[in-house]
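Asks: Okay, handing you the structure first.
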Amino acid sequence: MRLPDFPWDLLAPYKKIASAHPDGLVDLSIGTPVDPSPEVMQAALAASGNAPGYPLTIGSTQLRESLSRWIRTKFFPTGDIDFLPTIGSKEIVGLLPTILQAKKVLIPEVAYPTYQVGALVAGAQWVGVNDDCESWPTDGDLVWINSPANPHGRVLDADQLRAIITWARATETVVVSDECYFELGWERDPVSLLQMADGDCRGLLVAHSLSKSFNAAGYRSAFIAGDPEIIGTIREVRKHLGLIMPAPIQRALAAALDSPSEIGQQKERYRARRTMLRSALDSAGFEITDSEAGLYLWSTRGEECWKTVAWAAERGILVTPGIFYGTKGASHIRVALTATDDDIRRACERLA
């Protein structure tokens, strides 16, 4: 097995150029949150320092009650379902093909690179597919969908999700929907795969994360939910491997889920930054495509993406080349909204 180069390492020369700008670097590349984590999470974590015993893989009683309320209220009011807290959603993206012993994994043709890496780690074949499930191979074991999608922010609508569920059951393929940007809809409201399941989540899983919506990337707090039988398989493997969310993080995750108002406050911060940055990119001659939801503006100047990355670096701005997400992203860049208000303002001035 040979893994691809870690893509962000390739940005180092451009970061050096951008950092030499007289007014400093504005990093709009990786997309790591910069605003404070919710106070309720910080307080719960600070109060949980005494944790001498092993935590539960399935989550504490407090966390399971909070997760159950969250899932039932938002996605799946009735029907059999199970769930697990995970050490960030990337853990599941990277390890699920191995846990499920997949031999062929379908991933979006423009996608987060870890979908491909997870298949490679499992020794599985991976195939890039578009949004039309009727064109997908029927001999896969596992298919990843991502809505809202990273990097381009496209949202799958209710009809598309229902078609995917029908296709999955006809082909006996497990479908996992990565919904980590679910709370960040702009031009279209995202829909969860579970909301379209009509109370029957057999063969279906969703992954959610607090990293973006709660500014909690450093907590590595996420969960996976869906088919109880598949969740049972994941649980047993994680128990053997010791993949357990630490007890203090479990308490912080429960506290966050019980204080959903934090999401709306953060979303408004991103909305203001998105408005400013989109206007500046438009004025600088960029075309914004898709970008209906999520934390990025999928942008193009109609040229090879590394040329645009270099153009931005000369202005002290670091952006991500679209080629990181597949060959069909080769003429785009991904511009993140995850910077301070001051950095967004400086980026807009430089784009002008």
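The values are calculated or read from the model by the stated rules, or taken from the named source; none is laboratory data. Bear in mind the structure is a predicted one, so any value in this text is a computation, not a measurement. Here the Cβ positions follow ideal geometry from the backbone for every residue, glycine too, while neighbour counts run over all protein chains shown.
Asks: Which residue is nearest to the chain's Cα centre (by Cα), if the candidates are limited to segment 314-339 and must be hydroxyl-bearing (Ser, Thr, Tyr) and surrounded by 24 or more Cβ atoms within 10 Å (Cβ to Cβ)?
Replies: Residues of segment 314-339 hydroxyl-bearing (Ser, Thr, Tyr): 320, 325, 327, 331, 338.
Of the ones still in play, those that are also surrounded by 24 or more Cβ atoms within 10 Å (Cβ to Cβ) are 320, 325.
Details: THR320: 16, TYR325: 13 Å.
The extreme case among them is TYR325.
Asks: Could you say which residue among PRO246, PRO228 is assigned by TED's automatic domain parsing to the domain that holds THR61 and either in contact with a Pro (Cβ under 7 Å, 6 or more places away or on another chain) or under 14 Å from SER89 (Cα atoms) (or both)? Spell out how you get there, then give the answer.
Replies: Working: PRO228 fails: either in contact with a Pro (Cβ under 7 Å, 6 or more places away or on another chain) or under 14 Å from SER89 (Cα atoms) (or both).
The unique qualifying residue is PRO246.
Listed here are the residues, each with its yes/no results for (1) surrounded by 20 or more Cβ atoms within 10 Å (Cβ to Cβ); (2) hydroxyl-bearing (Ser, Thr, Tyr); (3) out of contact with any Ser or Thr (no Cβ under 7 Å at 6 or more places or on another chain).
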position: SER279; (1), (2), (3): no, yes, yes
position: SER299; (1), (2), (3): yes, yes, yes
position: GLY302; (1), (2), (3): no, no, no
position: LYS307; (1), (2), (3): no, no, yes
position: ALA312; (1), (2), (3): yes, no, yes
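Asks: I want to confirm something. Restricting to segment 2-47 and keeping residues that are of a type in the set (A, V, I, L, M, F, W, C) and assigned to a loop (DSSP other than H, G, I, E, B), which single residue is farthest from ILE317 (Cα to Cα)?
Replies: Of the residues in segment 2-47, the ones of a type in the set (A, V, I, L, M, F, W, C) are 3, 6, 8, 10-12, 17-18, 20, 25-26, 28, 30, 34, 40-41, 43-47.
Filter once more, keeping what is assigned to a loop (DSSP other than H, G, I, E, B): 3, 6, 20, 25, 28, 30, 34, 47.
Working: LEU3: 29, PHE6: 21, ALA20: 10, LEU25: 6, LEU28: 7, ILE30: 12, VAL34: 16, ALA47: 39 Å.
Among those that are of a type in the set (A, V, I, L, M, F, W, C) and assigned to a loop (DSSP other than H, G, I, E, B), it is ALA47.
Asks: While we're looking at this one, here's another question. State whether the residues of segment 6-27 include one that is touching a helix residue (DSSP H, G or I) at 6+ places or on another chain (Cβ under 9 Å), farther than 30 Å from GLY153 by Cα and among the aromatic types (Phe, Trp, Tyr).
Replies: Within segment 6-27, not a single residue is touching a helix residue (DSSP H, G or I) at 6+ places or on another chain (Cβ under 9 Å), farther than 30 Å from GLY153 by Cα and among the aromatic types (Phe, Trp, Tyr).
Asks: Identify all residues within segment 240-266 that are within 19 Å of ILE71 (Cα to Cα) and assigned to a loop (DSSP other than H, G, I, E, B); write none if there are none.
Replies: Of everything in segment 240-266, those that are within 19 Å of ILE71 (Cα to Cα) and assigned to a loop (DSSP other than H, G, I, E, B) turn out to be MET245, ASP258, SER259, PRO260.
Asks: Of everything in segment 228-238, what is crowded, with 21+ Cβ neighbours inside 10 Å and either of a type in the set (D, E, K, R) or touching a Phe, Trp or Tyr at 6+ places or on another chain (Cβ under 8 Å) (or both)? Give them in sequence order. First the steps, then the outcome.
Replies: Residues of segment 228-238 that are crowded, with 21+ Cβ neighbours inside 10 Å, as a first pass: 230, 234, 238.
Scanning segment 228-238 gives a single hit, ARG238.
Asks: Would you be able to say whether some residue in segment 289-299 is at pLDDT 95 or above and assigned to a helix (DSSP H, G or I)?
Replies: No.
Asks: Look through segment 152-172, keep the residues that are assigned to a loop (DSSP other than H, G, I, E, B) and free of Cβ contacts under 8 Å to residues at least 60 places away in the same chain, and return whichever of them is surrounded by the fewest Cβ atoms within 10 Å (Cβ to Cβ). First the steps, then the outcome.
Replies: Let us first name the residues in segment 152-172 that are assigned to a loop (DSSP other than H, G, I, E, B), namely 152-157, 172.
Still in the running and free of Cβ contacts under 8 Å to residues at least 60 places away in the same chain: 156-157, 172.
Working: LEU156: 22, ASP157: 15, GLU172: 10.
Selected residue: GLU172.
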